[in-house]
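Below you'll find the structure, written out as structure tokens, and then a few comments.
The values are calculated or read from the model by the stated rules, or taken from the named source; none is laboratory data. Since this is a predicted model, take the numbers as computed values, not measurements. Cβ coordinates were reconstructed from backbone atoms using ideal geometry, including for glycine residues, and neighbour counts include every protein chain displayed. Only protein heavy atoms, including side chains, enter the accessible area calculation; ligands, DNA and RNA are left aside. Shrake-Rupley method; radii C 1.70, N 1.55, O 1.52, S 1.80 Å.
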Amino acid sequence: MLQSLDPGSLLAFGATAIPPLTAQIVYICHSKTDDGLRLALRQGHLLSFSTAMTSPNRILVLFAHPALHKSRINRQLVSAIADLEGVTINDLYEEYPDFHIDVKREQQLLVDHDIVVWQHPFYWYSSPALLKEWQDLVLEYGFAYGHQGTALHGKKCLSAISTGGTPDAYRREGYNYYTITELLAPFAQTARLCGMVYLPPFVVHGTHQLSDGPEIGDRAQDYRTLLQALRDDQINWAALADRTQINQDLSQILLTPEVAPHA
């Protein structure tokens, strides 16, 4: 169980009425790249266009992968959500290859969204360097925490990670010893300090053992389904209190039998 997950606050926040919004479908990346996925996403989503849409939550995916062209898992995860209305994919390594982060721009993106997803491979029990740099600079005193630092209060946040280790590796008897929940404690506490509700993580385990066909595809579809449900407020928030991973039998936390399938 995630100690930072307060069922009471989840119920209260989940029940809060949020006015309708006009959603933007945006893939944020500007610089040139030879990577096919990033090029296709940029061509499809660089120009913002709005669609009339009534949806409780806008989702910001902070995507951090320094070698996307080598990725098997994250390529498919980000592809599966690229066309979702109300979801903004902010590709940090594409946007800031020199690590010169536009703090004000990033802070405005946070303000403009209701749910924040930190998506990245689980490098050395943490994140790629640029996401840590982003946290250090963007979540500054007076904005995200401290005196008058309330800009993120009430927002939801979760990690979406991929790891080569199987679930059995992340326990006392396993070779990683610590659980995923324990290793993600810095992310959970970061969210907590910023007044956000940290949800159980979306975890893709055993990445080296997954086939390139249905096995990875099923995880990508689960990711799409989860973000649709989070966007549309179709989650049984109280049921998350007993979970260590949000995609553990995903169907059990959805309020409807199924979310619209991937076109």
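Counting only residues that are surrounded by fewer than 22 Cβ atoms within 10 Å (Cβ to Cβ) and either among the acidic types (Asp, Glu) or touching a residue at least 40 places away in the same chain (Cβ under 8 Å) (or both), region 89-107 holds 6 of them.
For region 97-126, how many residues are among the hydroxyl-bearing types (Ser, Thr, Tyr) and touching a Phe, Trp or Tyr at 6+ places or on another chain (Cβ under 8 Å)? Write out each step before concluding.
Let us first name the residues in region 97-126 that are among the hydroxyl-bearing types (Ser, Thr, Tyr), namely 123, 125-126.
Narrowing the set further to residues that are touching a Phe, Trp or Tyr at 6+ places or on another chain (Cβ under 8 Å) leaves 125.
Residues that pass the stated criteria total 1.
Among the residues of this structure, Ala220 does not count as one that is touching a residue at least 60 places away in the same chain (Cβ under 8 Å), in contact with a helix residue (DSSP H, G or I) (Cβ under 6 Å, 6 or more places away or on another chain) and open to solvent by 30 Å² or more (accessible area, probe 1.4 Å). Being within 23 Å of Arg58 (Cα to Cα) and either among the hydroxyl-bearing types (Ser, Thr, Tyr) or free of Cβ contacts under 8 Å to residues at least 12 places away in the same chain (or both) is a description that applies to Thr225. List the pairs whose first member sits in region 138-159 and is within 26 Å of Tyr125 (Cα to Cα), whose second member is assigned to a strand (DSSP E or B) and open to solvent by less than 40 Å² (accessible area, probe 1.4 Å), and whose Cβ atoms are under 6 Å apart, counting only residues at least 6 apart or on separate chains? That search, which allows pairs on different chains as well, returns Lys156/Ile115; Lys156/Val197; Cys157/Val116; Cys157/Tyr198; Leu158/Val117; Ser159/Trp118. The set of residues from region 170-198 being small (Gly, Ala, Ser), out of contact with any Pro (no Cβ under 9 Å at 6 or more places or on another chain) and without any contact (Cβ under 8 Å) to a residue 12 or more places away in the chain comprises just one member, Ala185. Scanning region 206-217 for residues that are in contact (Cβ under 8 Å) with a residue 12 or more places away in the chain and either closer than 14 Å to Asp249 by Cα or open to solvent by 40 Å² or more (accessible area, probe 1.4 Å) (or both) yields a total of 3.
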